[in-house]
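Chemist: Can you keep this structure in mind? I'll have questions shortly.
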Amino acid sequence: MSLHNLSYVCSHLKNCSMARVPITSIQYTKLHLGIILGLYRHGAISHVQLGSRKGPDTEPVQVTSENISTRRLWVTLKYYNAEPVLKNALLESKPSKKKTMKLPGLKRLIEGYWAENTKPLDPGDLLFLRTDKGILEAREAVELQRGGQLLCRFTSLR
């Protein structure tokens, strides 16, 4: 999967959140789906639904090779006291420099220490990794004893 597309998703979600846009869509890929579902599981977004370019689907539509280019993920952003829950989105791995981290480095990040030139996680931060078990948040990866490629970091309302 392309990190160029992931950088677009990060900036798009951040911009929509700061502009107080209630619902937005992003391109449907397995990588984007994994990250969006992780954000949903951790409470940073309120709803995610598959749809087309015209809007969310009212009835389930099977994704096939013929319609994959028109499929979109419709994301409903979350706000608390008129403030966006999703404050910032930052790409950790760049297309020209991919960052990977093993388990000891991830543990240090979670504990609040710098590891391998990567800023530690603050309370409310979500760091997503690509592992052999799929897309995981850093705390989930440590729980499963997995390292992987750092993808992106989201700062949410504390």
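Chemist: When the chain is fully extended, how far beyond the present Cα-Cα distance does V21 get from T131, taking 0.36 nm per residue of separation?
Modeler: Once the chain is fully extended between V21 and T131, it gains 36.4 nm.
Chemist: For C152, tell me the accessible area in Å² from a 1.4 Å probe, rounded to the nearest 10.
Modeler: 0 Å²
Chemist: Taking R0 as 30 Å, what FRET efficiency do you get between K54 and S11 from their Cβ-Cβ distance, rounded to the nearest 0.05?
Modeler: 0.80
Chemist: Here are labelled values, (1) 2, 8, 9, 9, 8, 8, 7, 6, 6, 5, 5, 4, 4, 3, 3, 3, 3, 2, 2, 2, 2, 1, 1, 0, 0; (2) 2, 9, 18, 19, 14, 11, 9, 7, 5, 3, 2, 0, 0; (3) 2, 9, 18, 21, 19, 15, 9, 4, 2, 0, and one is the computed P(r) over Cα pairs in 5 Å bins from 0, in percent for what I pasted. Which one?
Modeler: It is the value labelled (3).
Chemist: Given a 1.4 angstrom probe, I'd like the percentage of the accessible area of the chain that is carbon and sulfur, rounded to a whole number.
Modeler: Taking all protein chains in place, the chain shows 54 percent carbon and sulfur surface.
Chemist: Same structure, new question: Rolling a 1.4 angstrom probe over the protein heavy atoms, how many square angstrom per residue are accessible across the stretch 1-142?
Modeler: Ligands and nucleic acids excluded, the result is 56 Å² per residue.
Chemist: Could you count how many Lys pairs in the stretch 76-115 have their Cα atoms under 21 Å apart, skipping same-chain pairs fewer than 8 positions apart?
Modeler: 4
Chemist: Please give the calculated 222 nm ellipticity per residue for the chain, where each DSSP H segment of at least 4 residues contributes -39500 (n - 2.57) and the sum is spread over every residue; nearest 500 deg cm²/dmol?
Modeler: Computed mean residue ellipticity for the chain: -8000 deg cm²/dmol.
The values are calculated or read from the model by the stated rules, or taken from the named source; none is laboratory data. Quantities reported herein were computed from a predicted structural model and do not represent experimental measurements. Cβ sites come from the backbone with ideal geometry, for glycine too, and all protein chains shown count toward neighbours. The accessibility values were calculated without ligands, DNA or RNA, using every heavy atom of the protein model including side chains. Shrake-Rupley method; radii C 1.70, N 1.55, O 1.52, S 1.80 Å.
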